[in-house]
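Written out below as structure tokens is the structure these notes cover.
Values in this text are rule-based calculations from the coordinates and carry no lab data. Predicted, not measured: the structure shown is a model, and the values here were computed from it. Note: ideal-geometry Cβ built from the backbone for every residue, glycine included; neighbour counts use all protein chains shown.
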Amino acid sequence: MADITVFLADYSNPVHADAIISMLDVYARDPMGGGAPLSDYTRKNLVSGLVQTPGAFSVLAFHGEAPAGLANCFTSFSTFAAKPLVNIHDVVVDARMRGQGIGKRLFKKIEMVAVEKHACKVTLEVLSGNETAKGLYAALGYGDYELDPSKGHALFWQKALAS
């Protein structure tokens with residue numbers, strides 16, 4: 001698809017900043033993202049928060065002049081490997097653009113950045129019921145994290161804190 005471009009977002013570029021907010025809102029409104037729009041607070045503070053977070057980077061996909069996909073990522077550190085790792089925190093492709101390879105292109109760019117950072121791995125979380133996303137991730141070589149199959153695979157847990 002010739003009119004799709006995929007690139008690292010420039011947080012200081014207002015077009016990129018608006019695209020990050022609009023695409024994350026698309027994700028938030030989707031049932032797999034919680035089914036509710038982004039709060040006014042999040043809309044106002046998202047990009048500045050990314051700027052202030054060491055290791056944060058975002059990959060955008062545009063179809064012509066319109067945002068079509070987003071991945072927000074964070075560079076962290078693997079203590080077992082003593083090397084950086086990249087965690088994909090958010091991935092979204094506009095529902096009208098799905099099935100056109102945009103997700104694969106987002107992941108290709110993320111993995112290129114991870115290699116440049118000398119990362120030992122790329123991690124992500126996915127809801128167990130998100131069969132479409134799991135199919136894409138598996139096709140790209142992602143899978144459950146486990147050290148010893150007899151001990152099971154890793155689970156992603158959370159505890160909300162009062163703000």
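Miscellaneous remarks
- MRE, 222 nm, helices only [DSSP H, n ≥ 4, -39500 (n - 2.57), over the chain, to nearest 500]: -10000 deg cm²/dmol
- On Cα atoms only, tilt of 14-29 relative to the major axis of the chain in degrees: 60
- In this structure, the residue pairs whose Cα-Cα separation is over 20 Å, taken from LYS83/LYS151; LYS83/LYS121; LYS83/LYS117, are LYS83/LYS151.
- Note on region 80-163: Kirkwood hydrodynamic radius from all Cα pairs is 14.8 Å, rounded to one decimal.
- For the chain, averaging the sequence separation of C-alpha pairs within contact (under 8 Å, six or more residues apart) and dividing by the residue count gives a relative contact order of 19 percent.
- Alpha-carbon gyration tensor eigenvalues x 5, square-rooted, for the chain, Å: 25, 19, 18
- Taking Cα atoms only, the orientation of helix 102-116 departs from the longest principal axis of the chain by about 60 degrees.
- Since only GLY129, LEU46, ALA68 are under comparison, the one whose Cα sits farthest along the positive direction of the charge dipole of region 4-140, derived from C-beta charges on Lys, Arg, Asp and Glu, is GLY129.
- Rounded tilt (10° steps) of 40-51 against the dominant C-alpha axis of the chain: 70
- Estimated dipole of the chain in Debye, rounded to 20 [Cβ of Lys and Arg +1, of Asp and Glu -1, Cα centre]: 200
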